[in-house]
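Undergrad: Dropping a structure here in structure tokens format, bear with me for questions.
None of the figures in this text is laboratory data; all of them are computed from the coordinates on show. Quick caveat: nothing in here was measured; it's all calculated off a predicted structure. Here Cβ is always computed from backbone atoms with ideal geometry, including for glycine, and neighbour counts include all displayed protein chains.
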Amino acid sequence: MFLNVNEYKPDLAKTIKTMTKTYQDAVNHKGGNVTFRALPNSDIDFYSSFDLTQYNYETDIEKYAENLCQKLSNSFYVRKDIDDNMIPAISPVLGIGDYSAFVTGDIDFRPDTSWSTPSLKNITDFKDLPPIGTSKWYKKFLLISEAMLKISNGSGIPFMRGFFSPMDLAGALRGEEIYYDLYDNPDELHELLDYCADATIQFAEDIYSLARKYLKDTEYGMWLLEGNINMSEDISCMISGDLYREFCAPHTQKVIDHFGVGHMHCHSRAMYLVKEICSLKNVANLWLATDPNQPRPIEHIEQLVEDANGVCLAIDCDNFNEIENNIDALRKGNFSICMPLNSIEEAYEAVEKFNNL
Amino acid sequence: MDIFNEISEFLQKGKAKDVRALVQQALDNNIPPQEILTEGLIVGMGIIGGKFKRNEVYVPEVLIAARAMNAGLEILRPALAKDNIKPIGKAVICTVKGDMHDIGKNLVKMMLEGQGIECIDLGVDVSADKIVEAIIEHEPDLVCLSALLTTTMMAQKEIIDAIKAAGLRDKVKIMVGGAPVTQAFAEQIGADAYTPDAASAAESACMFLKE
């Protein structure tokens, strides 16, 4: 089904080299790397046609993996000549419910996403949970991952998995109560966050170990995983920088330190968090998603360069003028600029224009 | 500092126990319950709303302030009822069908309650039919619809269409909000108001109720 990963890029070695340099410079707080990510519709369209409710996750794992891999394979193929910074990677797509159900609870699937129900009525209830690694969705996620790795075996396509940060995981397990915990139960919250950090480390280690089994002899298969951890900081976008420093940073740092380098994600509604997250040690990348009705990162480049302190910021723009108008400021830091495009043809043009800047 | 200021200050800090005690003290001093509500609790919640709007405080601070407000209201409610003081209006509020996010909806609800508006909270993932039923049952002045996802914001239109089809459109003002919602979208789907945050929602609601 999949071609060799090298077939999906004009020059994969060059792309990997560029991004490796970007992330190394980022960790060393050295700027000067600006790369471009074309986002043709085909990169995202398949998500909307992949109905998560069509599968019985007891009996249909192979069918699920086959269908998802086919869609991924098609989307990689149509953009194979686009010389941007995108590196093809495969990963299970199960909505967001699986990001916490690996600890406990079940997943409520909807066609285009999934949910999990908060399960810790009292903050200390996590102490009564069965050991990490024994839950239904922990095992099932590994089975799904393995089914996908078997299909892609031999292609050398990198495997990828992101995780909730400890605060996001604690938020999913506690629901809205997490916001009260910050004031009502600070000590217990630290305990829960530490538990979430350990759970994430164990889960990630097991996924990486599984991926290693299939990809250890490939050139780039483990490129996104080995020595790295990808985590979201979404709940943190609802709290102050002071609370982030007190409650989130130490536990997020624990997970980063375990793996080596952090690749993070947060939202533009909380641009004040850029400084906080980029102050953590060994963060290479922060995907700062633009929220509707909120400040647009591309319009605040000078401030972001200062706050990111060299960490590569993955941001988006609406049109090429926004890149052209900001290119000098962008080059003071490290950036990956993503631009939505209507077609593959537009993507070729945009890459060419970017390379001529 | 007068007792109203004290109530407001402790409310803003989320000190529920202190707010409760101060409200009781104010009642014991024969201060009219309506004044305790409007000069103490509502003022405090209004200040928190303004700070939230300006990103001076964040979600946890609003939640604990709202909890403190509710603690004060628990003490105050029997006295308000005795004086026959009613909420200034009634709102049916929910997150629309297909969307399970409730924090935005809950913040709006708290801010509305903080302005003395009674809220009928239908929860999350709520269908148009259920909202039409709630309008018939509760006869609200306002319907507040939240959607966090681009994939669910169209459900706001479906609800407005269902309210129209049921012949209830002129009975209620419809307010929409949520991360992907814009003023243009609100106008396009025939809503009466879009507000970008919970505090603005409370301000709009109060304006509608004054009309």
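Undergrad: Treat the count of other C-beta atoms within 10 Å as a stand-in for reagent exposure and order B:LEU11, B:LEU73, A:LEU173, A:LEU330 from fewest to most.
TA: On the way: B:LEU11 31, B:LEU73 19, A:LEU173 28, A:LEU330 23.
Ascending Cβ contact count within 10 Å gives the list B:LEU73, A:LEU330, A:LEU173, B:LEU11.
Undergrad: Follow-up question, since we're still on this one. Under 5 Å between amide hydrogens, which residues at least 5 positions from A:SER165 or on another chain qualify, with H placed 1.01 Å from N in the peptide plane?
TA: Here A:SER232, A:ASP234 satisfy the definition.
Undergrad: Count the net charge of all other residues whose Cβ sits under 12 Å from the Cβ of B:MET153, scoring Lys and Arg as +1 and Asp and Glu as -1.
TA: On the way: positive: B:LYS97, B:LYS157; negative: B:ASP99, B:GLU158.
Surrounding charge for B:MET153 is 0.
Undergrad: List, in order, the whole-Hz ³J(HN,Hα) value for each residue of the range A:241-248 obtained from phi through the Karplus relation with A = 6.51, B = -1.76, C = 1.60 and θ = phi - 60°; use x for Gly and Pro.
TA: Result, rounded to whole Hz: x, 4, 5, 4, 4, 6, 9, 8.
Undergrad: Is the range B:145-211 rounded, prolate or oblate when judged by the Cα gyration tensor, a ≥ b ≥ c being the square roots of its eigenvalues, rounded requiring a/c under 1.5 and prolate requiring a/b larger than b/c?
TA: Numbers: a/c = 2.13, a/b = 1.01, b/c = 2.10.
Oblate is the answer for the range B:145-211, as a/c is 1.5 or above yet b/c matches or exceeds a/b.
Undergrad: Ranked by Cβ crowding within 10 angstrom, fewest neighbours first, how are A:ILE327, A:ILE235 ordered? Don't jump to the answer; show the numbers that get you there.
TA: Values: A:ILE327 15, A:ILE235 25.
The order, fewest Cβ neighbours first, is A:ILE327, A:ILE235.
Undergrad: Quick check of the Kirkwood formula: for the range A:229-357, what is the inverse mean of 1/r over all pairs of different Cα atoms, in Å?
TA: Details: mean 1/r = 0.0652 Å⁻¹.
Across the range A:229-357, the inverse of the average 1/r is 15.3 Å.
Undergrad: Do you know the relative contact order of chain A, to the nearest whole percent, from alpha carbon pairs under 8 angstrom that are 6+ apart? Walk me through the numbers before you get to the answer.
TA: Working: 625 pairs, mean separation 80.9, N = 357.
Taking the mean separation of contacting Cα pairs over the length of chain A, I get 23 percent.
Undergrad: Order these by the 10 Å Cβ neighbour count, fewest first: B:ASP129, A:ASP198.
TA: Values: B:ASP129 12, A:ASP198 16.
If I rank by nearby Cβ atoms, fewest first, I get B:ASP129, A:ASP198.
Undergrad: Same structure, new question: Do me a favour and compute the ellipsoid semi-axes for the range A:166-294 from its Cα gyration tensor, root of five times each eigenvalue, largest one first, whole Å. Spell out each step's value before the answer.
TA: On the way: eigenvalues 143, 64, 29 Å².
Calculated on Cα positions only, the semi-axes equal 27, 18, 12 Å.
Undergrad: Please express the Cα-Cα pair-distance distribution P(r) of the range A:139-181 as a list of whole percents, one per 10 Å bin, running from 0 to the bin with the greatest distance.
TA: 23, 31, 23, 17, 5
Undergrad: Between A:HIS251, A:HIS265, A:HIS300, which gets the highest mean-square fluctuation from a Gaussian network model of chain A, Cα cutoff 10 Å?
TA: A:HIS300
Undergrad: While we're looking at this one, here's another question. Strictly over 29 Å apart at the Cα level, which of A:LYS14/A:LYS216; A:LYS136/B:LYS130; B:LYS15/B:LYS130 would you flag in this model? Before the final figure, lay out each step's value.
TA: On the way: A:LYS14/A:LYS216 21 Å; A:LYS136/B:LYS130 34 Å; B:LYS15/B:LYS130 36 Å.
Correct reply: A:LYS136/B:LYS130; B:LYS15/B:LYS130.
Undergrad: Under 8 Å for C-alpha pairs, at least 6 residues apart: give me the relative contact order for the range B:126-207, rounded to a whole percent.
TA: On the way: 100 pairs, mean separation 23.9, N = 82.
Rounded, it is 29 percent for the range B:126-207.
Undergrad: Counting only residues 5 or more places away or on other chains, whose amide H sits under 5 Å from the amide H of A:CYS338 once H atoms are built in the peptide plane?
TA: A:ARG37, A:ILE315, A:ASP316, A:CYS317
Undergrad: Further question: At q = 0.13 Å⁻¹, what log₁₀ I(q)/I(0) does a Debye calculation on the Cα points of the range A:298-353 give, no solvent, two decimals?
TA: Once normalised to I(0) and log-transformed, intensities are -0.33.
Undergrad: Among all the lysines, which ones have a C-alpha under 18 Å from A:LYS275's C-alpha, if same-chain residues fewer than 8 places away are not counted?
TA: Output for A:LYS275: A:LYS30, A:LYS332.
Undergrad: Mind putting a number on the dipole of the range A:24-93 about its Cα centre? Charges go on the C-beta only, +1 for Lys and Arg and -1 for Asp and Glu, and I need it in Debye to the nearest 20.
TA: Numbers: 6 positive and 11 negative charges, 55 e Å.
Taking the Cα centre of the range A:24-93 as origin, the dipole is about 260 debye.
Undergrad: Shape of the range B:1-110 from its Cα gyration tensor (a ≥ b ≥ c, root eigenvalues): rounded if a/c is under 1.5, otherwise prolate when a/b > b/c, or oblate?
TA: Working: a/c = 2.40, a/b = 1.47, b/c = 1.63.
It comes out oblate by the Cα gyration axes.
Undergrad: What shape does the range B:51-146 have by the C-alpha gyration tensor, where a ≥ b ≥ c are the square roots of the eigenvalues, rounded means a/c under 1.5, and otherwise prolate means a/b greater than b/c and oblate the rest?
TA: On the way: a/c = 2.38, a/b = 1.12, b/c = 2.13.
Oblate, since a/c reaches 1.5 and b/c is not below a/b.
Undergrad: For the range B:115-161 and the range A:151-227, what is the separation of their Cα centres, given in Å?
TA: Measuring centre to centre over Cα atoms gives 36 Å.
Undergrad: Before anything else, pin down the relative contact order of chain B: Cα pairs under 8 Å, at least 6 apart, normalised by residue count, whole percent.
TA: Details: 363 pairs, mean separation 39.6, N = 211.
In percent, rounded to a whole number, it is 19.
Undergrad: To continue, here is another question. In bins 10 Å wide, starting from 0, what share of all Cα pairs of the range A:87-129 does each bin hold, as a percent?
TA: 28, 40, 24, 8, 1
Undergrad: Give the dimensionless ratio obtained when the Cα radius of gyration of the protein assembly as shown is divided by 2.2 N^0.38 Å.
TA: On the way: Rg = 25.4 Å, N = 568, 2.2 N^0.38 = 24.5 Å.
This ratio for the protein assembly as shown stands at 1.04.
Undergrad: Shifting gears a bit: Would you compute, for the Cα atoms of the range B:16-79, the largest minus smallest coordinate along each principal axis and list the three values in descending order, in whole Å?
TA: The principal-axis extents, from largest down, are 37, 18, 15 Å.
Undergrad: Where the eigenvalues come from the Cα gyration tensor of the range B:104-182, what are the semi-axes √(5λ) of the equivalent ellipsoid, largest first, in whole Å?
TA: Details: eigenvalues 64, 60, 21 Å².
Ellipsoid semi-axes (Å, largest first): 18, 17, 10.
Undergrad: Aspartates and glutamates near B:LYS210 by alpha-carbon distance under 13 Å, same-chain residues fewer than 8 away left out - which ones?
TA: Counting by Cα, and skipping residues close in sequence, B:LYS210 has these aspartates and glutamates nearby: B:ASP141.
Undergrad: Can you divide the C-alpha Rg of the range A:1-98 by 2.2 N^0.38 Å and report the result to two decimal places? Kindly include the intermediate steps, with their values, before the conclusion.
TA: On the way: Rg = 16.3 Å, N = 98, 2.2 N^0.38 = 12.6 Å.
It is 1.30.
Undergrad: Something else now. What are the lysines whose alpha-carbon lies under 16 Å from the alpha-carbon of A:LYS121, with same-chain residues fewer than 8 places away excluded?
TA: Straight-distance partners of A:LYS121: none at all.
Undergrad: While we're looking at this one, here's another question. Which cross-chain or sequence-distant (5 or more) residues have an amide H under 5 Å from the amide H of A:GLY133, H modelled 1.01 Å from N in plane?
TA: Residues meeting the criterion, in which the H sits 1.01 Å from N, do not exist here.
Undergrad: Counting C-alpha atoms alone, how compact is the range A:106-238: give Rg to one decimal and Dmax as a whole number, in angstrom.
TA: Answer for the range A:106-238, Rg first and Dmax second: 16.5, 52 Å.
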